[in-house]
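Quick notes on the structure that follows.
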Amino acid sequence: MGESDPLQYADIADLSSDAPVIIYLTVKEAIKVDPERAPNAPPGTQRFYIIASTKALIRGQGGVGETIRYVIDLPLDDRGRAPKIKKQPFIIFARRPVGGGGDNVQLVAKDAQLAWTPSREQRVRSLVRELVAHDAPPAISRIASAFHVAGTIIGEGETQIFMETDTGAPISITVLKRDGQRKFWAVSLGEIVDEAARAPIRDSLLWYRLACFLPRQLPASALASETKANAQQARSDYQTVLNDLGNCPRSRQP
């Protein structure tokens, strides 16, 4: 699939990050729910009660049963018809509802049922391995502080940017400029800035955490203790980081 897949890395990362349960399954029954019983279904959709057969559990503690049940709102075409999904394979991204039965799950998003292909399954599995690794980069909550230290030679200097994360684990970015050399930046995961650290590879979990969630400019609060000149240089170095990371393309709305 690769280039032919409209889903970007960020699309799969958004769904996988939010889903404690990811299942490869085949739909056995797609039962229409009467509109009267689905008053909150979005306009232009048909709600279905899905009964599916588990093919493989991609992510999830405690396992799942052979049969999975969930509800989904599918968009109608120009003729007002819903797509036929019976006997079709899908990957779903879900959570277990509070008080629900062991075979009931709830999709994490309206489009959290993806058509299955072998290569798409491999992409999801690869991303899940990144997410559950013991050293997986956590989600970034905010930029806590940033400062710039000028070098002894004009044109040299170092900017450090420290971020807070959802787990409390530190992430920092260091931007170095040596006289006559191109700016170099790297990301460290941990309390100590790692001299062997490098910038993240595109379409990796660390790249996703940065490219898709860093603010477009350094917040003023992060530079509160800096002089005007140092603050300006820190902003410039931060823009270098953003430019190197590139945009965060998505084909779906998170």
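The residues in the stretch 109-152 that are assigned to a loop (DSSP other than H, G, I, E, B) and in contact with a strand residue (DSSP E or B) (Cβ under 8 Å, 6 or more places away or on another chain) can be counted, and the count is 9.
When Q122, Q217 are screened for being without any contact (Cβ under 8 Å) to a residue 24 or more places away in the chain, over 30 Å from I58 (Cα atoms) and open to solvent by 60 Å² or more (accessible area, probe 1.4 Å), only Q217 passes.
Does the stretch 184-207 include one or more residues that are in a loop (DSSP other than H, G, I, E, B) and in contact with a Leu (Cβ under 6 Å, 6 or more places away or on another chain)?
Within the stretch 184-207 (the criterion being in a loop (DSSP other than H, G, I, E, B) and in contact with a Leu (Cβ under 6 Å, 6 or more places away or on another chain)), the answer is yes, since at least one residue qualifies.
Exactly one residue among Y70, Y49, Y24 is in contact with a strand residue (DSSP E or B) (Cβ under 9 Å, 6 or more places away or on another chain), of a type outside the set (D, E) and open to solvent by 50 Å² or more (accessible area, probe 1.4 Å), and that residue is Y49.
Residues of the stretch 180-196 being surrounded by 15 or more Cβ atoms within 10 Å (Cβ to Cβ), more than 20 Å from H134 (Cβ to Cβ) and at pLDDT 85 or above, which ones?
K183, W185, A186
A single entry from I12, I68, I58, I92 fulfils the requirement of being more than 22 Å from C212 (Cβ to Cβ) and either small (G, A, S) or out of contact with any Asp or Glu (no Cβ under 7 Å at 6 or more places or on another chain) (or both): I92. When the residues of the stretch 27-46 are filtered to those that are free of Cβ contacts under 8 Å to residues at least 60 places away in the same chain, of a type in the set (A, V, I, L, M) and open to solvent by less than 60 Å² (accessible area, probe 1.4 Å), the one that is nearest to V105 (Cα to Cα) is A30.
Has the stretch 232-247 got at least one residue that is of a type in the set (A, V, I, L, M, F, W, C) and in a strand (DSSP E or B)? So far as the stretch 232-247 goes, no, none of its residues is of a type in the set (A, V, I, L, M, F, W, C) and in a strand (DSSP E or B). Restricting attention to the stretch 135-152, the residues that are at pLDDT 95 or above, open to solvent by 30 Å² or more (accessible area, probe 1.4 Å) and β-branched (V, I, T) add up to 0.
For the stretch 98-108, the count of residues that are farther than 19 Å from D11 by Cα, open to solvent by 30 Å² or more (accessible area, probe 1.4 Å), in contact with a strand residue (DSSP E or B) (Cβ under 8 Å, 6 or more places away or on another chain) and of a type in the set (D, E) is at least one. Among the residues of the stretch 153-179, those identified as in a loop (DSSP other than H, G, I, E, B) and either surrounded by 21 or more Cβ atoms within 10 Å (Cβ to Cβ) or of a type in the set (D, E) (or both) are E156, D166, D179.
Quick one: would you say A199 is within 30 Å of D14 (Cα to Cα), open to solvent by less than 20 Å² (accessible area, probe 1.4 Å) and within 28 Å of the chain's Cα centre (by Cα)?
In short, no.
Pairs are defined by a Cβ separation below 6 Å, a sequence spacing of at least 6 or placement on different chains, a first member in the stretch 51-63 that is closer than 14 Å to A19 by Cα, and a second member that is in a loop (DSSP other than H, G, I, E, B); the pairs so defined are L57/V64.
The values are calculated or read from the model by the stated rules, or taken from the named source; none is laboratory data. Predicted model only: the values in this text are computed from it and were never measured. For neighbour counting, all protein chains shown are included, and Cβ atoms are generated from backbone atoms with ideal geometry for every residue, glycine included. Quick note on the areas: whole protein, heavy atoms, side chains included, nothing else; ligands and nucleic acids left out. Shrake-Rupley method; radii C 1.70, N 1.55, O 1.52, S 1.80 Å.
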